[in-house]
Amino acid sequence: MLFVLFTNAYANVWDDFSSPVTNEDSQKVLLYGGGATLAVSLLKNTFVRKLQKNIYESQPLCCKLTTPGNTFLQILPNILYSFGFGFNYLLNNDEDSKRRAIGMVKTTLYADVIVEILKKSINERRPNGGGESFPSGHATSAFSFASYAASEHPWYIGVPAYAMASYVGFCRIQDNHHYLHNILAGATIGISYGIAISQNSRKDQTSKSALMIAPTDELKGVAFRYALEF
């Protein structure tokens, strides 16, 4: 029984983790976002660098909420969203609130795992001289929140959420912590997970598979059982 539960749990985790490449809408985000990221990265040493320098020197926005170590607009909205809907589930036993709370956690967690893997693997130098610039973790978390919220709620929730995420991305460029293609990559990862996890969680029917291995006295051996549940 424990083996069966573990197999189901693993299958569900893998489905969610790989959802951006299996979900049709997220595939489009990966295609266009990845293409834009690649194009801008190839132009990094041209007008893109000049544009970044102008933004850094002119400081057009107040970005105190996105400075290093300040998580107010990086991860706090994700946490408040999950806790808020989780609390509503406990109070009212609302299954949709439970789904949304868990969905935001999954979206944020899986997107951040991908970002950390890419940061460690690529270790691109930051504009200010630091390391692990690609992709932007701040942008990933912000756009994870925005895309999941926009997928779950009306436009008057989604539009401000995306505006906030765009503000975070712009501030990371203005503070000279990231290049534009770092922001685009983070946004692509965050948006693709937000859309995919939201749609997966709202599916009416899911298919689950389980493999059970158990000893048998009659056969003096081992019996295998595979079940597919719809």
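Run the simple label-point estimate for residue 53 and residue 21 please: 7 Å along Cα→C-beta, distance reported in nm. Output for this residue pair reads 3.9 nm. A Förster radius of 30 Å, combined with the Cβ-Cβ distance separating residue 39 from residue 96, puts the computed FRET efficiency at roughly 0.15. Under 18 Å from a label point 7 Å along Cα→Cβ of residue 79: give me every residue in region 90-112 with its amide N that close. Within reach of a label on residue 79: 101-112.
Each 10 Å bin, from zero up to the one with the longest distance, holds this percent of the alpha carbon pairs of region 97-189: 18, 46, 27, 8, 0. Summary of packing: across the peptides 105-113, 46-54, the per-residue average of other C-beta atoms within 10 Å ranks them, highest first, as 105-113, 46-54.
Pairs 50/120; 44/64; 44/119; 28/64: which exceed 29 Å Cα-Cα?
Beyond 29 Å: 28/64.
Read-outs throughout are calculated quantities, based only on the coordinates presented, and are distinct from any laboratory measurement. Because the structure is predicted, anything quoted here is derived from the model rather than measured. When we count neighbours, we look across all protein chains shown, and the Cβ atoms used for this are built from the backbone with ideal geometry, even at glycine.
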